[in-house]
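Encoded as structure tokens, here's the structure I'll be asking about.
The values are calculated or read from the model by the stated rules, or taken from the named source; none is laboratory data. These numbers were taken from a predicted model, which means no experiment stands behind them. All Cβ positions, glycine included, derive from the backbone under ideal geometry; neighbour counts span all protein chains shown.
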Amino acid sequence: MEGIFITFEGPDGAGKTTQLRRLAEELRQMGHEVVVTREPGGTAISDKIRSIILDPVHEEMVDQAEVLLYAASRAQHVHELILPALKANKIVLCDRFIDASIAYQAYGLGADLETVREVNRFASSGLQATRTYILDVPVEVSLARLHQRAAGTETAAQQLDRIEQKNVEYHSRVRAGFHQIAADHPERVRVVNADRSQDEIVADILSDCNRLLKEHLSV
Ligand SMILES: Nc1ncnc2c1ncn2[C@@H]1O[C@H](COP(=O)(O)OP(=O)(O)OP(=O)(O)O)[C@@H](O)[C@H]1O
Ligand SMILES: Cc1cn([C@H]2C[C@H](O)[C@@H](COP(=O)(O)O)O2)c(=O)[nH]c1=O
């Protein structure tokens, strides 16, 4: 038996990281071995690419470079970290994956959808998540959370990055993109209303995840 690959998606500031950490804690208490990781990032090379992509100084970055940099970061992450962890029967919880490239680069920026899919199939050697939770909130709510988080810190790393700084129209296209992804993949994707308390959200995710684990163990 191989491990389980669970991804968290949704607009910036929807609460993905918060929920992913809560789920990891619950699963560890149940005795599961859990690997927590994120994209872009998760390995030394992928993190270096992350800093290039997200640096607000890089205003001149062309769409093609953006698509390929995310995919390059992902290729290293999948082969160096995710696949070995899955082979070792671990549960991998990943903050964003290919759906983010579909929502942000294809639906948000307007990059060709099939090209984005194809480049990412190559980058990930066809790896797909077992389950994806899309945390869904109105754009005004997610952007308000982001600004509140940035205001609460003095470190530059917590300021808004190049993608977060884009306008409301862009973020609205990204959210609509996530809705389309959910409609296209009902077997894999669960849309979670994230405009609620953290406890209510994690309860829903945990209940679905428990069902998923039972199915996986019975195979
Ligand atoms: N259910 C919630 N209600 C209100 N605030 C929340 C909720 N969940 C998370 N937050 C707060 O919103 C901010 C963004 O949360 P978090 O970092 O988890 O989001 P994210 O989706 O991972 O963001 P990013 O896309 O930037 O990685 C944080 O300050 C967090 O404490
Ligand atoms: C994986 C991936 C991410 N993005 C965007 C989404 C966010 O704005 C940043 C990542 O930062 P986070 O705050 O750690 O979520 O990058 C993207 O546009 N395309 C992708 O494939």
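So which pairs qualify, if the first residue must be in segment 90-112 and closer than 19 Å to GLY42 by Cβ, the second must be assigned to a loop (DSSP other than H, G, I, E, B) and more than 10 Å from ligand 2 (Cβ to nearest atom), the Cβ gap must be under 7 Å, and the two must be at least 6 apart or on different chains?
LYS90/GLY3; LYS90/GLU33; ILE91/GLY3; ILE91/HIS32; ILE91/GLU33; VAL92/GLY3; PHE97/ALA129; GLN105/ALA111
A further question follows. Using beta carbons and a limit of 9 Å, which pairs, at least six apart or on different chains, have the first residue in segment 18-44 and without any contact (Cβ under 8 Å) to a residue 24 or more places away in the chain and farther than 24 Å from ALA103 by Cβ and the second one surrounded by 14 or more Cβ atoms within 10 Å (Cβ to Cβ) and not aliphatic (A, V, I, L, M)?
Here the result reads ALA44/GLN76; ALA44/GLU80, each pair linking segment 18-44 to a residue that is surrounded by 14 or more Cβ atoms within 10 Å (Cβ to Cβ) and not aliphatic (A, V, I, L, M).
Still on this model: Out of segment 95-112, which residues are part of a loop (DSSP other than H, G, I, E, B) and near ligand 2 (Cβ under 10 Å from one of its atoms)? First the steps, then the outcome.
So in segment 95-112, the residues part of a loop (DSSP other than H, G, I, E, B) come out as 96-97, 110-112.
ARG96, PHE97 - these are the residues of segment 95-112 that are part of a loop (DSSP other than H, G, I, E, B) and near ligand 2 (Cβ under 10 Å from one of its atoms).
Quick test of your reading of the structure: GLU164 fulfils all but one of (1) modelled with pLDDT of 95 or more; (2) closer than 14 Å to ALA100 by Cα. Name the failing condition by number.
(1)
Could you look through segment 161-219, keep only residues that are touching a residue at least 60 places away in the same chain (Cβ under 8 Å) and assigned to a loop (DSSP other than H, G, I, E, B), and pick out the one that is farthest from VAL139 (Cα to Cα)?
Restricting to residues being touching a residue at least 60 places away in the same chain (Cβ under 8 Å) and assigned to a loop (DSSP other than H, G, I, E, B), the top hit is VAL219.
Just checking, how many residues over segment 136-161 are modelled with pLDDT of 95 or more, surrounded by 15 or more Cβ atoms within 10 Å (Cβ to Cβ) and not hydrophobic (A, V, I, L, M, F, W, C)?
Residues flagged as modelled with pLDDT of 95 or more, surrounded by 15 or more Cβ atoms within 10 Å (Cβ to Cβ) and not hydrophobic (A, V, I, L, M, F, W, C) within segment 136-161 amount to 1.
Can you find a residue that is modelled with pLDDT of 95 or more, within 13 Å of ligand 2 (Cβ to nearest atom) and under 28 Å from GLU200 (Cβ atoms) anywhere in segment 50-62?
Scanning segment 50-62, I find no residue that is modelled with pLDDT of 95 or more, within 13 Å of ligand 2 (Cβ to nearest atom) and under 28 Å from GLU200 (Cβ atoms), so the answer is no.
Let me ask another. Hey, among GLU169, GLU187, GLU200, GLU164, which residue is within 16 Å of ligand 1 (Cβ to nearest atom), among the acidic types (Asp, Glu) and more than 17 Å from the chain's Cα centre (by Cα)?
Sole residue among the options that is within 16 Å of ligand 1 (Cβ to nearest atom), among the acidic types (Asp, Glu) and more than 17 Å from the chain's Cα centre (by Cα): GLU200.
Which pairs have Cβ atoms under 8 Å, sit 6 or more apart or on different chains, and link a residue in segment 56-79 that is in contact (Cβ under 8 Å) with a residue 12 or more places away in the chain and more than 20 Å from LEU160 (Cα to Cα) to one that is among the β-branched types (Val, Ile, Thr) and not in a helix (DSSP H, G or I)?
GLN76/THR43; HIS77/THR37; HIS77/THR43
Restricting the search to segment 12-41, which residues are in a loop (DSSP other than H, G, I, E, B) and either among the hydrophobic types (A, V, I, L, M, F, W, C) or within 16 Å of ligand 2 (Cβ to nearest atom) (or both)?
ASP12, GLY13, ALA14, GLY15, MET30, GLU39, PRO40, GLY41
Looking for something of a type in the set (Lys, Arg), in a helix (DSSP H, G or I) and surrounded by 15 or more Cβ atoms within 10 Å (Cβ to Cβ) - is there at least one such residue anywhere in segment 56-79?
yes
With respect to VAL92, determine if the residue is in a strand (DSSP E or B) and at negative phi.
Values: in a strand (DSSP E or B): yes; at negative phi: yes.
Yes: the conditions hold for VAL92.
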